[in-house]
Amino acid sequence: MSTADRTHEPDHDHHDEGSYLTPKYGAMGTVWDWMTTVDHKKIGVMYLFAVLFMFFLGGVAALAVRLELLEPVRVAADGAITGQLFAPAGAESINTGNQIYNRLFTLHGAIMVFMFIVPSVPASLGNFFLPLMLGAKDVAFPRLNLFSWYIYVSGSIFGILSIVLGGVDTGWTFYTPYSTTTDADHWRVLLMVLAAFVLGFSSILTGLNFIVTTHKLRAPGMGWFDMPLFIWAIYATSIIQVLATPVIGITLLLLIFERLFKVGIFDPGLGGDPVLYQHFFWFYSHPVVYVMILPGMGIISELLSVHSRKQIFGYRAIAFSSLGIAAVSFIVWGHHMFTAMGELASAIFSALTFLVAIPTAIKVFNWITTLYKGSIAINTPMLYALSFLFLFSIGGLTGLPLGALATDLHLHDSYFVVAHFHYVMMGGTVIAFIGGIHHWWPKMFGRMYNEKAGMLGCVLVFIGFNLTFMTQFFLGTQGMPRRYASYVDEFQFLHTLSTYGSWLILAGFLVHLFNFIHSLVAGPKAPPNPWGGLTLEWETESPPIEHNFHHEVLVQHGPYDFDTVVPPHCDERDFPLPPQDQPPASH
Amino acid sequence: MATIDANKPDLPAAGAKSHPLYWKNRGFAHHFRNADEQFDACKLGMWLFLTTEVLLFAGIFCAYAIFRMLYPDAWAAGSHHLDWRFGGLNTIVLLFSSWTVASGVRAAQMGNNAALIRNLVITLICAGLFVFIKLYFEYIPKLSAGKAPGTFFSYPYAHDPHEPLWWSVYYIGTGIHALHVLIGAGLLSWVLVRAIRYEAYGPTEYTMVETSALYWHLVDLVWIFLFPLLYLIH
Amino acid sequence: MTMPPAAPTSTVPEAVAAFPADAVAPVRTLPFDGEGLQGLFFRTNGTTDAAVWTDGLFMLTFWFSMFFFVLLMGLMVYWCIIYRRRPGVPAPVSPAHNSKLEIFWTVVPSSSMLVFFFLGFWGYMDKVVPAGGALELSITGQTWDWTVEYPDGTQSAQMTTLGGRDNVKIHALPENTDIALRMVSTDVIHSFWIPDYRMKTDVFPNRYTGYGFTTPKLGPEDDHPEGRYRDQWVFCAEYCGDLHSEMAAIIRVVPQADYEIWLENQGSSGDPVIDGQRVFQSRCATCHSVDGSNNIGPSWKDLYGSERSFNKAPPQIADDNYIRESILNPGIKIVQGYQNQMTPFQGVIKDEEISNIIAYMKSISVHVEQPAEGEAGEDAPGETETGAGEEG
């Protein structure tokens, strides 16, 4: 326990407190206050801006990748090379352009996975809202929380440093023996691997913090099944983070030893086994796919329920399916390696893989049934939730031919896989994340955003996304391998469409960006509960006061009792209750 | 730390007893409802962290098992180069230190600061002894004989082409374990310093002693698995 | 950029190129005209049993997915319209769960998953286990080229242009024949993907992997002015570095009689210079040029007999021993301006092939007196001028 600043007398009422955003010191003092804060809200906001910046960096790389793929590289009849955008003038072989392309897609993958999507929802929205939704004043270990933020920052600095020094061309998966031999004279690969290793610690500590918070800091009256589904999702996510990340830790450590000291564990020349690396890597990286998607699912449960003013259908089924997904995620990693394993292992992993489909399908069915007889508002968060259902269903269903062995042998490492995981990761997590940011934006910053601009942005992103990635399903089945800087002419039409789509996505995100900036500068002040939500974060001010709640929170209703409870701070005329002629359904 | 408060009874006393870290002066962080809840949370956090440590070592054990299956001869040959007596001695040292650290926790709970300090000092000596034996009797002679990992392997009388791989697994496994011994010793030293300076631990406040001790038991536990796998099974 | 000025057809001796006509026939894969939705997905409907099976399973999962997708999205959109929010009107009370419904929608998809698993496994076993008595090809993946060795040790010497490369090798295979692949890599992991057979398997160093397929029976749609044949793409599907996207090959399915003639033509010509050129094209041309232009490695033009300067070692005249050393252990001396990127050919290349390479190098160097009409020397070799093509 800290010895510093023990002047604060213990009290349980915080009537005169200002918003957590109110600067209390001078300019430098405020910066220092934010840098040393142990307030989960400030840490969450810092994470939010950091991961959005990483999303921007990774997005620029993605746009560049799509730009290069606008045209195939061709050898013309006179021997000249056409279609290569990245090659510097006067380059005499296609090699240079390919090297740049390979660095760009690695940059895109590594940033998006390690620095954006893994920390995205849990570290930003999770940090901000997990204690609020539990009715707690902070996470269990506030200083550990600050520590893991700094680990995240230093890991990201390592990653960016390796990019500045010339970039890495291993692909984000760092497959050996390529990753242990490429760029042998440089430190860049080591730096990037180190970055992933360090970021893993941040992930572990955040997860650990959330698990303990959920166990120990629930407000009086809140049982496990009174928790919002967002908390259930973050809780399941945290379990995966804590259990899977150490394995990537040791794997990356071995990879670092391999590069530095040539220890030979993954080096076939010394009797080591590169497939062992793949097993280790996917033992982490498959569960981490659910670290990415589960929080997004949690957001969707909140969004659908609040904006359709309807008790979530099958609360327990959704909560348990989160845990079910977390459990199954640990036994399906082999499906990334069907082309590298024997028949028996492939068969076992294929069968187990289909298990994941079951809890996922249950969730989708429950979400859609939640809409039945709702009072459905069409606004930006709801549009994003509906987009999520559309895109994530496609992402999930295209997993079926990838899980079936005969079809996977064709589709493995093709654009079909690229499209599939973008539908899940971007169409799932990113769409949910952006929807969640809109949903909670008034609470976080105390300002409303422009609804029309938000909906325009959502529609642009939705159309652009489908144009970009729907085409890639067809490219994949037709035979286009992934990670290719160039391709045969026959694939050009679909590639061009895909690139045009990426520009539409960019336009959509720019609309959101300007909308958010406008909201921060000139947005109307947000009421404490603009959507009529029943979870605890809507009971406090917008933005929340420094200690979250004015009084000790006592939970008196479930998070989704829209049939019986008028939302806090809301007028019954705006949020009328249904006639109670039949007993209200309980979950 | 602005948001971490404490219940601070007024205790006009001299020396350590007036210090806010003295165990009777200690409160709990403002976001917990009481000290018990804070203690439980810290302990749960430590157990979760230990789980991650177990999984970290699981990777090494997994590599050990797979290569043992692939190259049993190299593993047998490599194992014969290890002297079970040094490994056994280190096992005894660590087991003994686990006992002393457990006694330390007991002493803290009983409010016996002198016993706590004594037990921690013995534990730290054991940690030093362990690292000394590992370095002086095992690593240094082996490395100078060329029994080094991977491409550094230059031992001229090797029986099996895959022996370098054995040494890689040996050095990585025991090396990362030794690193954990040092981290554990660092934690216990911190506890020791606060126990000496402030009498920071007593019946109502022994979270840090308990969690550090848990970590130390994990270090011990990992060695209990490493020792037979590396030294005893041929 | 400049590539070898001569068109690929003319760099290959005529005797080698005698299939099916005198010149190397252009690449003709089946056109993008498959029927129906399946054709849209797969470019052409499957033409072999394994491909037909895979396509069928894919379309089964597709229609299964479509059914659920349309059902779910239809309900979603319909409910969003009829239950849209009306100010002041509450949402009516509706049940929060329904056990029977929930059990139903858990059990039904689960049992269909079982069906997909078994169908997938069935088709998988057909693909990975080669038929008995199949024609065995030995395939070596190497950054960034495929070497395909026929059972009698022959290798292809025919090249064509595909995408960004003009030395993509053509490997002829007889029609309607069982083929078994035995694959190994000399450096990093590759993956041998033939989209037309809907099959790929990773290629590892120090380990054999393999699979089997049956070549299709050719029909009238494969009759071209140059003869009856059908080309199939081979792509590397596991990321392997700079020229991963150029690591392609062509499998050319031809009638049995043409296959035998083709195989005959790939044998030794008896002239070491021609044989050396052939080795160059099949193993070296991805990274080295013979016209003085820069590539991943130094150009071979005027290399033999020239003085080489290295990053660390003292300069040396390129003689027979230097060439041999640079092929077998390229990491020992790195020419200034280049990186250590070449895979050692120790154990990969035969002594005879090295001799042929040296003979070929001599024939394109101004530092060696040419027998009758040596190639007119261009200016100084450009290989050490810049490091272009090295830094990304």
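The values are calculated or read from the model by the stated rules, or taken from the named source; none is laboratory data. Everything numeric in this text was worked out from a predicted model, so none of it was measured. Here Cβ is always computed from backbone atoms with ideal geometry, including for glycine, and neighbour counts include all displayed protein chains. Calculation scope for accessible area: heavy atoms of the full protein, side chains included, ligands and nucleic acids excluded. Shrake-Rupley method; radii C 1.70, N 1.55, O 1.52, S 1.80 Å.
If packing is taken as the mean number of other Cβ atoms within 10 Å per residue, what is the order of A:473-486, A:516-529, highest first? Show your work: numbers first, answer last.
Details: A:473-486: 24.7, A:516-529: 15.3.
Top to bottom by mean Cβ count within 10 Å: A:473-486, A:516-529.
Ordering B:110, A:28, A:425 by accessible area with a probe of 1.4 Å, largest first, what comes out?
On the way: B:110 120, A:28 145, A:425 25 Å².
Result, largest first: A:28, B:110, A:425.
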Using a 1.4 Å probe on the protein heavy atoms only, what accessible surface does residue A:253 show? Give it in Å² to the nearest 10. 40
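Please list A:153, A:247 from largest to smallest accessible area, probe radius 1.4 Å, with all protein chains kept in place.
Working: A:153 45, A:247 10 Å².
The ranking, largest first, comes out as A:153, A:247.
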How many angstrom lie between the C-alpha centres of region B:54-91 and region C:99-123? 44
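Which whole-number percent gives the relative contact order of region B:45-232, counting Cα pairs below 8 Å spaced six or more residues apart?
Numbers: 195 pairs, mean separation 63.5, N = 188.
Reported relative contact order: 34 percent.
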Relative to the first principal axis of the alpha-carbon coordinates of chain C, what is the inclination of helix C:256-265, with its axis defined by its Cα atoms, in degrees from 0 to 90 and to the nearest 10? 30
In the full protein assembly as shown, how much of residue C:173 is accessible to a 1.4 Å probe, in Å² to the nearest 10? 0
At a probe size of 1.4 Å, how large is the accessible area of residue C:27, to the nearest 10 Å²? 40
Please say if the protein assembly as shown is rounded, prolate or oblate, where rounded means a/c under 1.5 for a ≥ b ≥ c the square roots of the C-alpha gyration tensor eigenvalues, and otherwise the choice is prolate for a/b larger than b/c and oblate otherwise? oblate
Taking alpha-carbon centroids only, region B:154-199 lies from region A:350-426 a number of Å equal to 45
Averaging sequence separations of C-alpha pairs under 8 Å and six or more residues apart, then dividing by the length of chain A, give the relative contact order as a whole percent. 17
Straight-line reach only, C-alpha to C-alpha below 25 angstrom: list the lysines that residue C:362 could link to, leaving out same-chain residues fewer than 8 apart. C:169, C:301, C:333, C:350
Counting only DSSP beta bridges with both residues in the protein assembly as shown, tell me the antiparallel percent, nearest 5. 70
Below 15 angstrom from the Cβ of residue C:206, what's the summed charge of the other residues (Lys, Arg +1; Asp, Glu -1)? -2
Just how far, in whole angstrom, is region A:128-195 from region C:276-310 if you go by their alpha carbon centroids? 42
Under 28 Å Cα to Cα from residue A:42, which lysines show up? Leave out anything in the same chain fewer than 8 places away. A:24, A:137, A:216, A:443, A:525, B:8, B:43
Percent antiparallel among DSSP beta bridges confined to region C:116-186, nearest 5, equals 55
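Could you order A:439, A:569 so the one with the most accessible surface comes first? Probe is 1.4 Å. Don't skip to the answer; put the middle values down first.
Values: A:439 0, A:569 110 Å².
In descending accessible area the options line up as A:569, A:439.
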Contact order normalised by length for region A:155-305, with contacts defined as Cα pairs under 8 Å and 6 or more residues apart; what percent is it? 27
Just to confirm the number: angle between the C-alpha axis of helix A:188-216 and the first principal axis of chain A, 0 to 90 degrees, nearest 10? 30
Once both axes come from the Cα atoms, what is the angle between helix A:229-261 and the longest principal axis of chain A, in degrees from 0 to 90, rounded to 10? 30
